[in-house]
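Participant: Got a structure here, written out as structure tokens. Questions coming.
The values are calculated or read from the model by the stated rules, or taken from the named source; none is laboratory data. Note that the coordinates shown come from a computational prediction; the quantities given were computed from them, not determined experimentally. Please note: Cβ atoms are built from the backbone with ideal geometry, for glycine as well, and neighbour counts cover all protein chains shown.
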Amino acid sequence: MFTMKIISLAALFGIISFYSNSQQRISETIVVDAVKYKLTNFGVQLNSGAAKYLFDRKTEKYFGNYWSPAIRLNFYYKNFIGGFGLRPTTLNSKDSLFFDQYTLHTHQDFHLINGIYFIGYKIELSKNFSLEPYIGGLVTHYSLAHPTQRFASEFSKGYTVGISINKYFEKSPGQYLVVFLSGNINKSNYHQIHADLGDRFYAIEFGLAYKVWCTKKIK
């Protein structure tokens, strides 16, 4: 069922990309202190916001459904995107998990950091809106917040598929304040951390971002 959702979402991204009239960014000339600059095809966007997690039942039993900070850095070449993000948080265990070398006790704090790396494509819409479908890898780091004994950190690897919607407010030529909303489906593979944990979760991210297109001096 999860695989079918991934395939359906990927097909939807393909249809949107094929039929959309993607507007190319218009090259602009900027004059600063009598010096002319031209916008290039390269840009960067820094996202800062919050994420809400919705886990499968097996993982929710231990982790609950929680909020965390969400930070993401996007790099653009024309409409193509690449980047990475972090969603770190400290949680309080809802139930005990028994590992080989130690136990995560009920109501014990632990750190969970989700890191993603991804590629995507920006589909420009009217009125300074855009859609950005993306796909990438997911790496999760788990550790006790206050360990009472030495233990190795736990990792799991999976993948993520999602789409962002952005609203741009131009502050100056090539520079934008952005309001974003992103939803993603994640194959977490948390069973790599512990056999009793599940393998997927959904996340919704929202917040503010700042986007800048790089410039070059015109001789």
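Rundown of residues vs (1) within 21 Å of Leu208 (Cα to Cα); (2) among the charged types (D, E, K, R); (3) out of contact with any strand residue (DSSP E or B) (no Cβ under 7 Å at 6 or more places or on another chain); (4) at pLDDT below 95, yes/no style:
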| site | (1), (2), (3), (4) |
| --- | --- |
| Gly115 | yes, no, no, no |
| Ile119 | yes, no, no, no |
| Thr140 | no, no, no, no |
| Glu154 | no, yes, no, yes |
| Lys157 | no, yes, no, no |
| Thr160 | no, no, no, no |
| Asn166 | yes, no, no, no |
| Pro173 | yes, no, no, yes |
| Leu177 | yes, no, no, no |
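Participant: Related question: I'm trying to understand the selection: among the residues of the range 79-110, which are farther than 30 Å from Gly162 by Cα, of a type in the set (Val, Ile, Thr) and outside any loop (DSSP other than H, G, I, E, B)?
Facilitator: Thr103
Participant: Right, here's the next one. Does Ala50 satisfy the criteria of being loosely packed, with under 14 Cβ neighbours inside 10 Å, in contact (Cβ under 8 Å) with a residue 24 or more places away in the chain, over 19 Å from Tyr176 (Cα atoms) and among the aliphatic types (A, V, I, L, M)?
Facilitator: When the stated conditions are applied, Ala50 passes them.
Participant: Let me ask you something else. Of the residues Tyr117, Tyr134, Tyr76, which is hydroxyl-bearing (Ser, Thr, Tyr), touching a Lys or Arg at 6+ places or on another chain (Cβ under 8 Å), assigned to a strand (DSSP E or B) and under 27 Å from Asn41 (Cβ atoms)?
Facilitator: Tyr76
Participant: Just need a number here: residues in the range 142-181 that are in contact (Cβ under 8 Å) with a residue 12 or more places away in the chain, of a type outside the set (Ser, Thr, Tyr) and part of a strand (DSSP E or B).
Facilitator: Going through the range 142-181 one residue at a time, the tally reaches 19.
Participant: Answer yes or no: is there a residue in the range 147-166 that is among the aromatic types (Phe, Trp, Tyr), crowded, with 20+ Cβ neighbours inside 10 Å and closer than 24 Å to Thr90 by Cβ.
Facilitator: Looking through the range 147-166, none of the residues is among the aromatic types (Phe, Trp, Tyr), crowded, with 20+ Cβ neighbours inside 10 Å and closer than 24 Å to Thr90 by Cβ.
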